[in-house]
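The values are calculated or read from the model by the stated rules, or taken from the named source; none is laboratory data. Since the model is a prediction, treat every value here as computed from it, not as a measurement. Every residue, glycine as well, gets a Cβ built from its backbone with ideal geometry; the counts of neighbours run over all protein chains shown.
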Amino acid sequence: MTAVLIFSLVLIGIAVYFWQKNKNNKKIDPAQDASSKELHLENVRAGGLIHLMNVGPMMEEYDVNILSRSVYRAGQNDEWYELEGETANGKVWITLEYDDGLDVTLATRKLKLRDISINRSDLDTMDEEGEGEFTFEGKTFYYEVSSEASYFRDSQVSPDNEEFFYYWEFETDEGDEFITIEEWESGRFEVTLSSPIKESQVKIYSLGQ
């Protein structure tokens, strides 16, 4: 009787062992889990971590900790997103917009109106005429578009979180650099220098929230 009991306990132990082993083998490893969440740039949120490669005039490479993701809207159909990130050397801003595919631009410099040698009167004239240009650091930037727009901080799209501004966008003939001027309701101006980057220059470590 004792021998039968011992034998039964051994069989039960073996069965439990293989059941547990089979259960563990079915667990999704981190790579599979990450893949299922689609590691695409448009899915990155605050708390995410990405790596940029060969960007800027110095072809730099660095990690970016994502601090926030905000939404911009203009008119009935235009919508784009901005990732604000922190690097070892300061902040960067990455803009994502769909236009026959995903367009990605990287902004690393914040400027002043005086840096580009134009004023509010110049901007009014460009608005009226639908054209204009200026030179900055040896490059000529041409008027592309201007419009009213809305900004929703941290992607919280609601009237309570909506800020209004007017923007002007300028581009070089080669399309390798952009300057965007924003005038906010408070009267302050923000001027940003940016350049296009490819999705292949971005490696995503984590999506964040």
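Which of the strands (runs of 3 or more DSSP E) contained wholly in the range 43-105 include at least 1 residues that are on the phi < 0 side of the Ramachandran plot and small (Gly, Ala, Ser)?
Here the list reads 60-74, 78-87.
In the set (1) of a type in the set (D, E, K, R); (2) over 20 Å from TRP184 (Cβ atoms); (3) part of a helix (DSSP H, G or I), GLU131 fails one condition alone, (3).
Matching residues to (1) in the same structural domain as GLN201 (by TED's automatic domain parsing); (2) surrounded by fewer than 17 Cβ atoms within 10 Å (Cβ to Cβ); (3) touching a helix residue (DSSP H, G or I) at 6+ places or on another chain (Cβ under 7 Å):
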{"position": "ARG69", "(1), (2), (3)": "yes, no, yes"}
{"position": "TYR72", "(1), (2), (3)": "yes, no, no"}
{"position": "ASP78", "(1), (2), (3)": "yes, yes, no"}
{"position": "GLY90", "(1), (2), (3)": "yes, yes, no"}
{"position": "ASP99", "(1), (2), (3)": "yes, yes, no"}
{"position": "LYS110", "(1), (2), (3)": "yes, yes, no"}
{"position": "ILE118", "(1), (2), (3)": "yes, no, no"}
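Among what's in the range 153-209 and is part of a loop (DSSP other than H, G, I, E, B) and of a type in the set (Lys, Arg), pick the residue that is nearest to the chain's Cα centre (by Cα).
Start the filter on the range 153-209 by keeping residues that are part of a loop (DSSP other than H, G, I, E, B), which leaves 156-158, 172-177, 185-188, 198, 207-209.
Filter again for of a type in the set (Lys, Arg), leaving 188, 198.
Numbers: ARG188: 24, LYS198: 12 Å.
In this case the residue turns out to be LYS198.
Evaluate the following for ALA34: is it at pLDDT below 55 and either surrounded by 14 or more Cβ atoms within 10 Å (Cβ to Cβ) or under 27 Å from ARG188 (Cβ atoms) (or both)? Yes; evaluated as a whole, the condition is true for this residue.
Residues that are among the acidic types (Asp, Glu) and loosely packed, with under 14 Cβ neighbours inside 10 Å were ranked within the range 164-174; the one that is farthest from THR105 (Cα to Cα) is ASP173.
Screening GLU199, GLU183 for residues that are at pLDDT below 95 and either touching a helix residue (DSSP H, G or I) at 6+ places or on another chain (Cβ under 9 Å) or outside the structural domain of LEU41 (by TED's automatic domain parsing) (or both) leaves exactly one candidate, GLU199.
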